[in-house]
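Taking it in order: structure first as structure tokens, then the write-up.
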Amino acid sequence: MSKYIKGKLFFLLLIPALVLVFPAVTMAQVHTVSRGDTIYKISNWYGVDQFALRYTNNLWSDQITPGQKIVIPFKYTVQKGDTLYLIGKKFGVDYSRIRQANRLGSNVIYPGQVLYIPSNSRTGGYVPVSRGGGISAYDFDLLARIITAEADSESYETQVAVGAVVLNRVDSPLFPNTIRGVVYQVDETGRYQFEPVLNGWINNPASESGRRAAMDALNGWDPTNGALYFFESWVPNKFLQSRPVSRILDSFTFTW
């Protein structure tokens with residue numbers, strides 16, 4: 001599928017299994033501070049505990065600066081049989097850091113409890129994928145954000161399909177060879193390829209389903225069978241409407 005992934009074997013990984021084998025995907029979300037941001041605003045924006053956010057980033061004052069990178073801790077729901085030690089092994093984080101980030105008085109946890117997992121990296125690190133290799137945390141987050149901005153109201157399969165189109169373009173000689181290049185591409189007429197880049201929606205945080213869809217696309221699930229374009233089916237664009245149709249999913253048409 002993507003040049004970041006070795007081989008062309010297409011299959012769908014179940015998310016729970018994926019998290020068990022490749023947990024670092026959950027650590028990928030990084031916030032770039034803008035003017036007017038505060039720790040309080042950022043914690044509310046992402047729906048995370050303020051203390052866990054401070055602990056993850058070693059931010060014990062309220063001073064942050066535009067351009068600063070802040071790692072968003074992942075929220076993990078405790079499963080039956082989990083212990084702090086096993087969760088730490090799963091995510092590559094010392095269990096004592098998980099305990100401290102959540103201000104736990106003991107090592108006792110229970111199924112259904114939500115824990116914040118602090119990253120070991122201040123920049124989000126790299127996101128491993130199932131068949132070897134990896135992409136930067138920034139690229140993973142960007143892919144998840146374009147999926148969210150374009151298709152958050154669509155079915156999960158359509159969200160994965162949008163991510164697949166981005167990765168198909170990365171592999172195509174017709175488009176830039178990076179996720180960032182594809183998402184922010186401006187065509188020969190001076191128009192952005194993706195409307196959310198123009199209207200600013202690309203800057204909103206990725207949804208949880210957007211992040212899962214990004215990982216599924218990176219792991220080889222392509223519901224479009226190699227499509228390079230997608231558009232809302234009602235759009236009267238002669239170029240898009242004239243292209244061979246790969247699939248129609250929800251309100252989107254995917255074409256080669």
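If you filter region 49-63 down to residues that are out of contact with any Phe, Trp or Tyr (no Cβ under 7 Å at 6 or more places or on another chain) and surrounded by 18 or more Cβ atoms within 10 Å (Cβ to Cβ), you find that the one that is farthest from R99 (Cα to Cα) is N57. Only residues that are out of contact with any helix residue (DSSP H, G or I) (no Cβ under 9 Å at 6 or more places or on another chain) and open to solvent by less than 30 Å² (accessible area, probe 1.4 Å) were counted across region 173-186, and they come to 0.
For region 65-92, give me the residue count where each residue is closer than 21 Å to N204 by Cβ and either surrounded by fewer than 18 Cβ atoms within 10 Å (Cβ to Cβ) or basic (K, R) (or both).
Looking only at that region, the number is 5.
The single residue among T158, T148 that is open to solvent by less than 10 Å² (accessible area, probe 1.4 Å) and either touching a strand residue (DSSP E or B) at 6+ places or on another chain (Cβ under 7 Å) or assigned to a helix (DSSP H, G or I) (or both) turns out to be T158.
Just wondering, is there one or more residues in region 193-202 that are open to solvent by 60 Å² or more (accessible area, probe 1.4 Å), without any contact (Cβ under 8 Å) to a residue 12 or more places away in the chain, out of contact with any His (no Cβ under 6 Å at 6 or more places or on another chain) and not charged (D, E, K, R)? Yes; the residues of region 193-202 include at least one that is open to solvent by 60 Å² or more (accessible area, probe 1.4 Å), without any contact (Cβ under 8 Å) to a residue 12 or more places away in the chain, out of contact with any His (no Cβ under 6 Å at 6 or more places or on another chain) and not charged (D, E, K, R). If a residue has to be open to solvent by less than 50 Å² (accessible area, probe 1.4 Å) and either of a type in the set (A, V, I, L, M) or in a loop (DSSP other than H, G, I, E, B) (or both) to count, how many in region 211-232 make the cut? Selection size over region 211-232: 13. For region 176-210, filtering for residues that are under 21 Å from D152 (Cβ atoms) and part of a loop (DSSP other than H, G, I, E, B) leaves 8.
The values are calculated or read from the model by the stated rules, or taken from the named source; none is laboratory data. Please read these numbers as outputs of a predicted model, since none were measured by experiment. Backbone-built Cβ (ideal geometry, glycine too); neighbour counts: all protein chains shown. Note: areas computed on protein heavy atoms with side chains; ligands, DNA, RNA excluded. Shrake-Rupley method; radii C 1.70, N 1.55, O 1.52, S 1.80 Å.
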